[in-house]
Every structure is written in C-alpha cells, then in structure tokens.
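The values are calculated or read from the model by the stated rules, or taken from the named source; none is laboratory data. Bear in mind that the values here come from a model prediction, so they are computed numbers and not experimental data. Reconstructed Cβ throughout: ideal geometry from the backbone, glycine too, with neighbour counts over all protein chains shown. For accessibility, only protein heavy atoms count, side chains too; no ligands or nucleic acids. Shrake-Rupley method; radii C 1.70, N 1.55, O 1.52, S 1.80 Å.
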Amino acid sequence: MFNLILFGPPGSGKGTQSEKLIARYGLKHLSTGDLLRSEIANQTALGLAAKSLMDKGQLVPDEVVIGMIDAALVNNPKARGFLFDGFPRTKAQSVALDELLQKKGAEINVVLALDVTEDELIKRLLNRGLTSGRSDDTKEDVIRARIVEYHNKTSTVADHYSKFGKVVLIKGEGNVDEIFDALGTEIDKRLDK
Ligand code: AP5
Ligand code: MG
C-alpha cells in the first residue's frame with residue numbers, strides 16, 4: 001500500500017491537487033471535509049451537529065472524523081492506497097490514523113505539505129465563495145477563524161510526521177500543473193523504493 005497525506009492550510013489546493021493525484025496514482029481519496037459536507041447534504045444527525053461548527057470555521061470533534069476514516073478504511077479493503085485530504089488535523093487524529101493503518105500492516109509513506117501565504121489563501125477562498133455555495137467561504141472572519149484553527153491545532157500534525165522524516169514542503173503557489181509535477185516527483189521517488 002502507498003498512503004499519502006496531502007497537508008496544508010485551508011485553500012492551499014489540497015482538493016484541487018487530490019483530484020489530479022488520484023487520477024494518476026489510483027489512490028482512494030478520503031477528504032473529511034467532503035465526507036462531512038455529504039452528511040450535511042443528507043441531513044444526518046452527524047451532519048447537522050457538524051454544520052454549526054463548520055460554519056464558524058471550527059474543527060469538529062476528533063471522534064467524529066476518526067470514526068468516518070475508520071469506516072472508510074474498512075469499506076475499501078482492496079484499495080492500493082489512500083490519499084488523506086484535510087485529515088489528520090490534530091495530534092490525536094494523527095495517532096489514531098497511525099494505529100488504524102498499523103492494523104492493516106500499513107503506514108503513512110509521505111506527507112506532502114503545500115506552502116501558501118496567508119494573503120493568497122484568503123484571496124482564493126473569498127473568490128471561491130462567490131460560486132462554491134460553501135458557507136465557510138463567504139465571510140472573511142470565518143476564513144480567518146479556519147486559518148487560526150490550522151495554526152493552533154493542525155500545524156502540529158506536520159511536527160508529528162517530521163519526527164519520522166516523512167514531511168516534504170512543496171511550494172503551493174503558481175501554476176496548478178507545476179505544483180502537481182512537484183508533488184508527483186516526490187511520490188515517484190518513494191514508489192520506486
Ligand atoms: P475542508 O473541507 O477540509 O476545508 P479546508 O481544509 O478548510 O480547505 P479547503 O477544502 O477549503 O481548501 P483546499 O486546501 O482543499 O484547497 P482547494 O483545492 O479547494 O474542511 C472544512 C471544515 O470541515 C473544517 O473547517 C472543519 O470544520 C471540518 N473538518 C474537515 N476535516 C476535519 C478534520 N479532520 N477534523 C476536524 N474538522 C474537520 O482550493 C481552494 C481554492 O483555490 C479553489 O477555488 C481552487 O480553484 C483555488 N486554487 C487551487 N490551487 C490554486 C493555485 N495553484 N493557484 C490559484 N488558485 C488555486
Ligand atoms: Mg478541500
């Protein structure tokens with residue numbers, strides 16, 4: 001198995017690059033943000049509880065997203081690997097993910113971290129908010145709250161995987177295809193091993 005975390009702050013391009021990476025490498029895309037928005041669309045109890053936090057730009061509780069990832073790993077026993085997008089987002093989520101993968105005899109092979117300036121993140125998300133229908137994209141104070149959550153709770157995830165030498169920083173600004181090539185180069189190095 002080959003398991004990759006595409007890491008980075010809100011608006012850094014995780015979703016955009018994930019679509020291209022899964023097409024090239026045949027990995028199963030697991031985005032906790034997408035899974036939560038699908039729960040909201042289906043008006044489940046989980047979705048309704050998550051929505052009020054997401055609308056404020058705050059993280060939903062660890063046990064909720066860990067449960068969703070656990071179920072997705074169980075439901076995809078034949079996957080050749082997973083691309084985690086927007087997960088893990090706390091130290092507790094990283095530890096839980098490592099344990100879930102270990103049960104499958106697998107691990108995180110690499111964490112590719114997209115590096116984008118805060119001004120660019122805000123510009124991208126406000127721009128997307130004009131058309132996305134995402135309630136957390138329309139207000140600048142909510143976008144800023146998402147970025148604060150990232151600094152307070154999520155950046156530690158990179159520290160966790162840095163201890164194992166698994167984090168590679170990738171410039172996340174500029175041409176989408178050039179960023180994709182830079183990500184692919186790092187993946188190919190590790191697939192060859
Ligand atoms: P989530 O859905 O994960 O959102 P996010 O991480 O805040 O970030 P986005 O999905 O908005 O950005 P992205 O990095 O995917 O960038 P994208 O490619 O879309 O989470 C939403 C919420 O759910 C959280 O706030 C939280 O409440 C909850 N949640 C989710 N996971 C959770 C977890 N694990 N634990 C707890 N809570 C969780 O690009 C953004 C825009 O930029 C697009 O318009 C795109 O076209 C554009 N763009 C992309 N690349 C470029 C480029 N190179 N140049 C110019 N524009 C670009
Ligand atoms: Mg996304």
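Some observations on this one:
- Net charge, residue 152 excluded, C-beta distance under 12 Å - Lys, Arg +1, Asp, Glu -1: +3
- Accessible surface for the range 11-59, divided over its residues, is 49 Å² per residue with a 1.4 Å probe.
- Averaging the Cα positions of each part gives two centres, and for the range 127-193 and the range 1-57 these lie 12 Å apart.
- Cα gyration tensor, the chain - rounded (a/c under 1.5), prolate or oblate: oblate
- A straight chain from residue 189 to residue 71 at 0.36 nm per residue would run longer than the Cα-Cα distance by 39.5 nm.
- Taking the range 1-66 as the region of interest, the number of lysine pairs whose Cα atoms are within less than 24 Å, with members eight or more places apart or on different chains, is 4.
- Here the gap between residue 152 and residue 119, fully extended at 0.36 nm per residue and compared with their Cα-Cα distance, gives a gain of 10.1 nm.
- Magnitude of the charge dipole, the range 66-193, Cβ model with Lys/Arg +1 and Asp/Glu -1, debye to 20: 500
- Between residue 107 and residue 178, residue separation times 0.36 nm minus the direct Cα-Cα distance comes to 22.8 nm.
- Residue 46 accessible area, assembled protein chains, probe 1.4 Å, Å²: 60
- Nearest-10 value in Å² for the accessible area of residue 179, using the 1.4 Å probe: 10
- Counting charges near residue 66 (Lys, Arg +1; Asp, Glu -1) among other residues having Cβ under 14 Å from its Cβ returns a value of -2.
- The calculated 222 nm mean residue ellipticity attributable to helices in the chain amounts to -17000 deg cm²/dmol, summing -39500 (n - 2.57) over DSSP H runs of n ≥ 4 and dividing by all residues.
- The fraction of accessible area contributed by carbon and sulfur in the range 1-150 is 51 percent, rounded to a whole number (1.4 Å probe; ligands and nucleic acids excluded).
- Solvent-accessible area of residue 131 with every protein chain in place, 1.4 Å probe, in Å² to the nearest 10: 120
- Residues of the range 85-141: accessible area per residue with a 1.4 Å probe, Å²: 52
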